[in-house]
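I have placed the structure first, in the form of structure tokens, so that the comments after it can refer back to it.
Only the coordinates and a few stated rules stand behind these numbers; no lab work does. All of these numbers come straight from a predicted model, not from anything done at the bench. Cβ sites come from the backbone with ideal geometry, for glycine too, and all protein chains shown count toward neighbours.
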There are 2 protein chains.
Amino acid sequence: MIKEKRINKIEEYIKEHKSASLDELMDVFKVSKNTIRRDVQELVERGDFKKVYGGVAINDEKRANLESFHERQVRNQTEKEKIGKAAADFVQDEDIIFIDSGTTTIEMIKFIKNKQVTVITNNLDFIVRALPYENLNVITAGGILERKTNSFGSLKYMDILNAYNINKAFMASTGVSLTNGVTNASPLESELKASIVNRSSEVFLLVDHDKFDKYGLMTYCGLDKIDYLVTDIMPNEVYQDFAKKNTIQLVIAE
Amino acid sequence: MIKEKRINKIEEYIKEHKSASLDELMDVFKVSKNTIRRDVQELVERGDFKKVYGGVAINDEKRANLESFHERQVRNQTEKEKIGKAAADFVQDEDIIFIDSGTTTIEMIKFIKNKQVTVITNNLDFIVRALPYENLNVITAGGILERKTNSFGSLKYMDILNAYNINKAFMASTGVSLTNGVTNASPLESELKASIVNRSSEVFLLVDHDKFDKYGLMTYCGLDKIDYLVTDIMPNEVYQDFAKKNTIQLVIAE
DNA sequence: ATTTATATGATGAACTTTTGATGATTTGTT
DNA sequence: AACAAATCATCAAAAGTTCATCATATAAAT
């Protein structure tokens, strides 16, 4: 087994057991104590763990932080990345775009990070991941931090949205259906989303295939308000017909 | 299988397993180690992966991102932490406080993380570090992301500030002097800061000793507007006199 | 069908990283 | 203070890498 893999396994092991002695790790991974020591040292330097005499333990200060960023989006990762890429292809230099909260929309960062765009977003993960790329002009309307979605929920209609003419809005949703339209789970965010959809010249909806025929607590716009529906699998005929009738362009990623 | 397809499969494989040894890939994809090596090299050049000894692993760019948060403030760390603690001692449950941007104010997080407070802040580092503590109700006015300070610079007076009656404002400064008052370097933030100082019932200024008798680009309030001056070394008599005359309470940390 | 370009596999020499062993030093416990 | 365990520093063997070269196979273009 290569070192990298072993270190990852050790990381998992410690996370599972909350702590571990060096002898224990030595026994489980069948390498010398010396090697374990070096591996542990590396893990400690990465910041998730702290060294204790004779062993290693999780550093819970940073733990919660890291997990919220690292381990969150896993379900359908590759699909989401594909959808994000397909959507990002529509972004051009000088655009003023809105990026909704959600795990699909955040994947767009990888594909627009070198473009010259103004991004308006309430998505905290996106903001943090945009930090290294100075060409991205990032603006947020602010509001109350919602930890469920790592986003800011607006209290009321925000002035900042009036100041910018949003070109393209990239929206997410917890469920899409013909009868209930585009829905999400957070009342605080609905008003903002609805307002964005109305103001943006072009509206993109990014949803993976298993969001169809489902719906969440609040409807923030009808499906007919969408201009581009970006997803990973061609939806059934009912949606295809609806798209044709309402001039919604279906974009199937990859 | 065509090269492109194989490379994509390898990409998926590595993503799924977090890392892989060359031998492992050789075995799975039934090509020579030489080819695997070339494929891996290409994947590494694309940026998502890094080469490790004996194999390849995912390039955890998120980790680098987070490091920029943790490793940034180093100058006068201990002093700043002390000042942060001294200031945090004034924070009580149910307070509505404002936390300014800056490396001193952010230290307060460690000492208020278990209190029941509403925090209004434009300090992005603070927001991120407050994520794990659900008892902290975090609100931001938003605005344009300024990478120099990792904070949001407001465009204009924000409604959100009217909605909350800020109890205690914990302000930072790049320089303090009797003649120039309390100054900072960012024009975008000055207006917000001035408005906060006016609205908050109690104003705390957190500065370490080497900020005295210096001044920055913009003055956002006179020194007399401050109610508590929290620092690490007792300032000279001129400041002591001024404090006495203007009922400013000097707080010397530790 | 022939040429051309690209992709692959095999080999070997020089080089680098990783590992476990050893012994000296530090740290925690009684 | 005395003891045992843990850590650190150093070193040589083992495993892995890089690079160049060459032969072969496959795909694309004419």
Which Cα, out of B:Ser173, B:Gln41, B:Gly153, lies furthest along the positive dipole direction of the protein assembly as shown (beta carbon charges, K/R +1, D/E -1)? B:Gln41
Any of B:Lys148/B:Lys244; A:Lys3/A:Lys80; B:Lys9/B:Lys51 with alpha carbons more than 26 Å apart? Name them for me. B:Lys148/B:Lys244; A:Lys3/A:Lys80
Output ³J(HN,Hα) for the stretch A:123-139: one whole-Hz value per residue in order, computed from phi by the Karplus curve 6.51 cos²θ - 1.76 cosθ + 1.60 with θ = phi - 60°, and x for Gly and Pro. 8, 5, 4, 4, 4, 5, 6, 7, 3, x, 9, 5, 6, 7, 8, 9, 10
Taking a label point 7 Å out from Cα toward Cβ, give me the nm distances from A:Asp241 to the same spot in the other copies, shortest first, one decimal. 8.8
Return the sequence-ordered ³J(HN,Hα) values of the stretch A:4-20 in whole Hz as given by the Karplus equation 6.51 cos²θ - 1.76 cosθ + 1.60 applied to θ = phi - 60°, using x for Gly and Pro. 3, 5, 4, 4, 4, 5, 4, 4, 4, 4, 5, 4, 5, 9, 6, 6, 7
Just for chain B, what percent of DSSP beta bridges are antiparallel, to the closest 5? 45
Across B:Ile58, B:Ile226, B:Ile96, the residue with the highest GNM fluctuation in chain B (Cα network, 10 Å cutoff) is B:Ile58
If you line up the long axis of helix A:33-46 against the longest principal axis of chain A, both from Cα atoms, how many degrees apart are they, to the nearest 10? 30
Label point 7 Å beyond Cα along the C-beta direction, distances from B:His209 to other copies (nm, shortest first): 6.8
For every helix of n ≥ 4 consecutive DSSP H residues, a contribution of -39,500 (n - 2.57) applies; sum these over chain B, divide by its total residues, and give [θ] at 222 nm rounded to the nearest 500 deg cm²/dmol. -11000 deg cm²/dmol
Computed about the Cα centre, the charge dipole of chain B from +1 Lys/Arg and -1 Asp/Glu charges at the Cβ has a magnitude in debye, to the nearest 20, of 880
Could you tell me what % of all Cα pairs in chain A have separations over 33 Å? 33
As an exercise, take the mean of 1/r over every pair of distinct alpha carbons in the protein assembly as shown, invert it, and state the Kirkwood radius in angstroms. 25.3
Of all DSSP beta bridges having both residues in the protein assembly as shown, the percent classed as antiparallel (nearest 5) is 45
Sort shortest first the distances from A:Phe111 to its counterpart in every other copy, using label points 7 Å along the Cα-to-beta-carbon line, and give them in nm. 4.8
Lys, Arg +1 and Asp, Glu -1 on Cβ, resulting dipole of the stretch A:79-131 about Cα centre, debye, nearest 20: 180
For chain B, the longest principal axis of the Cα atoms and the Cα long axis of helix B:187-199 enclose an angle in degrees, to the nearest 10, of 50
For chain B, the longest site-free run once trypsin sites (Lys or Arg not before Pro) in DSSP loop states with at most 12 other Cβ atoms within 10 Å are removed: B:157-254
Only four residue types carry charge here, +1 at the Cβ of Lys and Arg and -1 at the Cβ of Asp and Glu. Report the dipole size of the stretch B:113-254 about the Cα centre in Debye, rounded to the nearest 20. 300
Relative contact order %, chain B, counting alpha carbon pairs below 8 Å whose residues are six or more apart: 14
Cut-off under 16 Å on the C-alpha distance; same-chain residues fewer than 8 positions from A:Lys245 excluded. Which aspartates and glutamates are left, in chain and number order? A:Asp224, A:Asp227, A:Glu237
